[in-house]
Amino acid sequence: MSKIAWAVLGLALMMAPNLSQAEESKPPASSPPPAQGAPSSELSCHDKALTGSGPGFKSSQDESEEAAIKDWLDKAHAVYSDADWKKTKEPKMECVKQGLYSKCFATAIPCGTTKASAP
């Protein structure tokens with residue numbers, strides 16, 4: 001097995017315990033989480049979600065989340081020049097940890113009012 005395959009397997013195994021811990025710490029299902037404002041009617045949305053992750057692992061999960069959103073925004077601006085993380089459909093942030101470091105993945109459907117011009 002290649003080094004890359006071992007690294008991916010290691011990350012997958014490390015994610016599994018973190019996911020189960022996250023499930024245990026969720027509030028009871030009876031109270032729904034606060035909903036993010038849906039995109040307004042003048043916004044149009046892309047037909048598929050984009051994912052951004054930023055380069056490498058960061059020593060802070062906050063930095064990793066910021067890097068993921070920045071990478072996502074770079075991709076979203078290619079679709080809508082006024083895309084914003086707060087004006088999305090189905091936003092999702094997932095993070096994995098490796099020792100003291102983390103890497104996050106921001107996934108959402110970009111929405112905007114101004115289509116980006118073709119390069």
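Before moving on, here are some points about what is shown:
- Condition check for A78: at pLDDT 90 or above, over 19 Å from C104 (Cβ atoms) and outside any strand (DSSP E or B): yes
- Where a residue in region 40-56 is part of a strand (DSSP E or B) and its partner, wherever it lies, is of a type in the set (S, T, Y) and at pLDDT 90 or above, with Cβ under 9 Å and at least six apart: S44/Y80; C45/Y80; C45/T88; L50/T107; T51/T107; G52/T107
- Of all residues in region 87-94, none satisfies being buried (at least 17 other Cβ atoms within 10 Å of the Cβ), assigned to a strand (DSSP E or B) and of a type in the set (K, R).
- Of all residues in region 104-118, none are under 15 Å from the mean Cα position of the chain (by Cα) and basic (K, R).
- So A108, is it touching a helix residue (DSSP H, G or I) at 6+ places or on another chain (Cβ under 6 Å) and either buried (at least 17 other Cβ atoms within 10 Å of the Cβ) or in a loop (DSSP other than H, G, I, E, B) (or both): no
- Test for K115: is it over 13 Å from A49 (Cβ atoms), at pLDDT 95 or above and in contact with a Phe, Trp or Tyr (Cβ under 9 Å, 6 or more places away or on another chain): no
The values are calculated or read from the model by the stated rules, or taken from the named source; none is laboratory data. These numbers come from a predicted model, not from an experiment. All Cβ positions, even for glycine, are placed from backbone atoms using ideal geometry, and neighbour counts span all protein chains on display.
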